[in-house]
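Chemist: Shown below is the structure under consideration.
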Amino acid sequence: MSTPAKTVMAEPATLPRQASFDGMEFPLLLQCRSPDADLPATLSWVAVNLGKIKEQLARHACILFRGFPFRTVEDFDAFVVAFGFEPFTYERSLSNAVRLSRTRRVFTANESPPAFQIPLHHEMAQTPLYPARIFFYCEKPAAHGGATAVCRSDILLSRLEHRHPRFVADCRAKGLRYTNIMPAENDPASGMGRSWRSTFGVTSPDAAEEKLRQLGYMWEWLENQSLRTTTPVLQAVWRDPGTGRESFFNQLIAASTGWRDRRNDPAKAVTFGDGSPLDVNAVHDAAALAEELTADLPWQAGDAALLDNMVAMHGRRPFEGQRRVFAALGDPRGPAAVC
Ligand code: FE2
């Protein structure tokens, strides 16, 4: 006689540092209430509740899944697959962070040093290819710190527009271009140390130039075979075609506060699409407003999270001790998504 299939019950619960916007908790915590839940039952729960979970994601922009039976990266990979988003591999991405793949979909979150605060960002908004969805999984939380910070950038945009209407109008009308210098070989000491070889999936400067041409980048070779690249004009404000909701979908905060290493100077990282300089005060205020709006994903072992990357920014608090948090991306978007 076969044993009956287990069922999973999960419901919203509260978190210590949870924000709320228009009555919507941020992040939304879904707590599993079934102590004997196993992985197959959890995957069935996702399949049955997928429509409802996607509605919750659309309303809350970030969901933390706690108490589910995720013991390994492979369990997490299966959870991600259950959502059915088109995969987005690190190899395909134009991300400037150094990461290590663990499965085809799952890779380490940014490998930058523990004391380094990763500023708020929309994943890969500085490139013409970005994921609309991000999953995280915590295998081991840090001894101290190390929360993933999250921020609703639709709320940020409306507050910023109230304070700097001209700046936001320029962001909408002109878009942005991003410049950064990539090393010839990966530099794990930097939060933005991914080599041009890895970024563009090539082995020679000629092949890199061909890829850059396809993507519409400008470039210049520098000493030690490092490469300065400038993106084509990318949107600074994203408008949801279904709802009309807008978000501050760009990399201004991270680029202007955190894109610093021995090759890069944040002051030279971003201009408007026509090459004109940004209003430094407005960028400063955007970062300050974002910090006010920020909530935490306070990791516990076995937690998973799902973010709407078009609406929620994320970053990483500094930490002490070992921290193993993994990410998986889905639903590629942007002008290069069809390349
Ligand atoms: Fe990220």
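The values are calculated or read from the model by the stated rules, or taken from the named source; none is laboratory data. Please read all numbers here as calculations on a predicted model, not as lab measurements. Here the Cβ is made from the backbone with ideal geometry for all residues, glycine too, and neighbour counts use every protein chain on show. Note: areas computed on protein heavy atoms with side chains; ligands, DNA, RNA excluded. Shrake-Rupley method; radii C 1.70, N 1.55, O 1.52, S 1.80 Å.
Chemist: For the subset of segment 20-58 comprising residues that are more than 19 Å from Q300 (Cβ to Cβ) and assigned to a strand (DSSP E or B), which member is least open to solvent (accessible area, probe 1.4 Å)?
Modeler: Looking at the filtered set, the residue picked out is F21.
Chemist: Right, here's the next one. When you check V81 against the structure, is it open to solvent by less than 10 Å² (accessible area, probe 1.4 Å), more than 12 Å from the ligand (Cβ to nearest atom) and among the aliphatic types (A, V, I, L, M), yes or no?
Modeler: For V81, the condition - open to solvent by less than 10 Å² (accessible area, probe 1.4 Å), more than 12 Å from the ligand (Cβ to nearest atom) and among the aliphatic types (A, V, I, L, M) - is not met.
Chemist: When you scan segment 275-323 for strands (runs of 3 or more DSSP E) that lie fully inside it, which ones turn up with 3 or more residues that are under 17 Å from the mean Cα position of the chain (by Cα) and farther than 20 Å from L252 by Cα? Steps first, please.
Modeler: On the way: elements: 295-297, 304-308, 312-316.
Because the criterion is at least 3 residues that are under 17 Å from the mean Cα position of the chain (by Cα) and farther than 20 Å from L252 by Cα, the strands (runs of 3 or more DSSP E) in segment 275-323 that meet it are 304-308.
Chemist: Of the numbered conditions (1) of a type in the set (A, V, I, L, M, F, W, C); (2) farther than 22 Å from N96 by Cβ; (3) open to solvent by 20 Å² or more (accessible area, probe 1.4 Å), A305 fails exactly one; give the number of that condition.
Modeler: Checking A305 against (1) of a type in the set (A, V, I, L, M, F, W, C); (2) farther than 22 Å from N96 by Cβ; (3) open to solvent by 20 Å² or more (accessible area, probe 1.4 Å), the one that fails is (3).
Chemist: Looking at segment 118-129, which of its residues are of a type in the set (S, T, Y) and either modelled with pLDDT of 95 or more or near the ligand (Cβ under 10 Å from one of its atoms) (or both)?
Modeler: Result: no residue meets the conditions.
Chemist: Scanning segment 174-213 for residues that are of a type in the set (D, E, K, R) and free of Cβ contacts under 8 Å to residues at least 40 places away in the same chain, which turns out least open to solvent (accessible area, probe 1.4 Å)?
Modeler: Of everything passing the filter in segment 174-213, E209 is least open to solvent (accessible area, probe 1.4 Å).
Chemist: For segment 95-136: of the residues being open to solvent by less than 20 Å² (accessible area, probe 1.4 Å) and in contact with a helix residue (DSSP H, G or I) (Cβ under 6 Å, 6 or more places away or on another chain), which is nearest to F68 (Cα to Cα)?
Modeler: F135
Chemist: Quick one: which of T148, T72 is at pLDDT 90 or above, of a type in the set (V, I, T) and within 14 Å of the ligand (Cβ to nearest atom)?
Modeler: Exactly one of T148, T72 is at pLDDT 90 or above, of a type in the set (V, I, T) and within 14 Å of the ligand (Cβ to nearest atom), namely T148.
Chemist: Only one of (1) β-branched (V, I, T); (2) touching a residue at least 24 places away in the same chain (Cβ under 8 Å); (3) closer than 22 Å to A295 by Cβ fails for V81. Which number is that?
Modeler: (3)
Chemist: Of all residues in segment 200-243, count the ones that are within 30 Å of L156 (Cα to Cα) and either over 19 Å from the mean Cα position of the chain (by Cα) or not in a loop (DSSP other than H, G, I, E, B) (or both).
Modeler: From segment 200-243, those within 30 Å of L156 (Cα to Cα) are 215-217, 229-243; that's our starting set.
Restricting the remaining residues to those that are either over 19 Å from the mean Cα position of the chain (by Cα) or not in a loop (DSSP other than H, G, I, E, B) (or both) gives 215-217, 229-230, 232-234, 238-239, 241-243.
Qualifying residue count, segment 200-243: 13.
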